Structures are given as structure tokens and as C-alpha cells.
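Presented below is the structure to which this report refers.
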Amino acid sequence: MKFSKEEKKFWQRYFRIEKLDDIPKEWPLIGGYGFGDEQSDEFFYFISLRVSIVHEIILKESYVTDEGVKYMCAFKELKLLYLRRHKEVTKKSISCFNKMESLESLNITKTKITLTDLCEYLDNKNLKEVFLDSEENEENILDKAFILKERMPNCNIYLDTCFSTENNGTPTKPIF
């Protein structure tokens, strides 16, 4: 099997890879510190064609949209998905989150996904923690948190924070 012209350009540009055999099938991390935030839907399209296992994706303000999240569904063993400040990630991505069988931690703060959206569509029993922003009033928050907790009893939902601990190491309390 060979690279298409576009795919060859992609692998050369981002990773200086010339041959298919040089592409690792397993990646511990995509994104994070020092990786840059140039990732786009096309980036994840080409990665998903050749890489089968990714453990963590950490992105902040990249060019990924709902389309890119669809390509992430191809990664087996994805445990952590951090999509902070992605204005083009919407409730359409929730069906993809549900398909990610190994996903344990999901950060969708500063996206267009709301607590109401999660309440209506999120149903991934493997999730242990979800981070998102909320503009709901306190009464609605507790009602929606209860619905999510019933559906996903092992999952903690954190509002308006990106981490489960404060800077000093103090644990942040989930909403339910």
C-alpha cells in the first residue's frame, strides 16, 4: 500500500515521515505541551488512516470541529480526550464520545456543548470524569446532574473547571 499525494505531504510536513512502515501504530499522546495547536480535521483524518491506538488527545484552541472528533472514534484505547476552547465542537460530537469505549476522561470546557446537551445525549458508561462549562441556574444544574449520575453512576461531572484538583492539590468537588 502506498501514500496518496496528499497523505504523503501530510506525513512529511508534520512528522518528516517518508515511508508507511515508519508510522507507529500506537501513539501515547497527540497534542499537549510542545505539540502546537495546528491540528485540524484533516490532521485527524490522516492520522486515523494509519494509527490504530492513541491513549490521550490533549488539544486547546486547535482547528478541530465535529468532523475531526468523528475521526478520533477510530482510535482504540483512547482514555483521555481534552478539547478545551473548541468553538466548533458541538452536541453533534456527543454520539462520537458515546462510541469511544475506552474513554475515561472528557474535557469539553469552552465548547458549544452544554449540560443540557449531555443530559439528553451522553451515555458512555466507561467515563469517570467530564469537565464542562455551564450557564444554567443552580436548580437546573442539580436536576441535570442527577439524570447524568443515574445514567453513568461512576462518572463525576465537573462544572467550570478543567481539573479535578486545585493548583495546591486540593480535590475539586464534582457537582454530584
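Before moving on, here are some points about what is shown:
- When residues in segment 105-127 are screened for being surrounded by 17 or more Cβ atoms within 10 Å (Cβ to Cβ) and charged (D, E, K, R), 2 of them pass.
- All positions within segment 45-68 that are open to solvent by less than 10 Å² (accessible area, probe 1.4 Å) and within 15 Å of Ser102 (Cα to Cα): Val54, Ile57
- Within segment 83-101, considering residues that are basic (Lys, Arg) and within 20 Å of Cys119 (Cα to Cα), the one most open to solvent (accessible area, probe 1.4 Å): Lys92
- Breaking point among (1) in a loop (DSSP other than H, G, I, E, B); (2) open to solvent by less than 90 Å² (accessible area, probe 1.4 Å); (3) farther than 21 Å from Asp123 by Cα, for Leu29: (1)
- Flag: Leu80 does not match the condition of being surrounded by fewer than 20 Cβ atoms within 10 Å (Cβ to Cβ) and out of contact with any strand residue (DSSP E or B) (no Cβ under 9 Å at 6 or more places or on another chain).
The values are calculated or read from the model by the stated rules, or taken from the named source; none is laboratory data. Small disclaimer: the values here were computed from a predicted structure and weren't measured. A quick note on method: Cβ atoms are made from the backbone with ideal geometry, for glycine too, and the neighbour counts reach across all protein chains shown. Remember, those area values only see protein heavy atoms, side chains included, never the ligands or the DNA or RNA. Shrake-Rupley method; radii C 1.70, N 1.55, O 1.52, S 1.80 Å.
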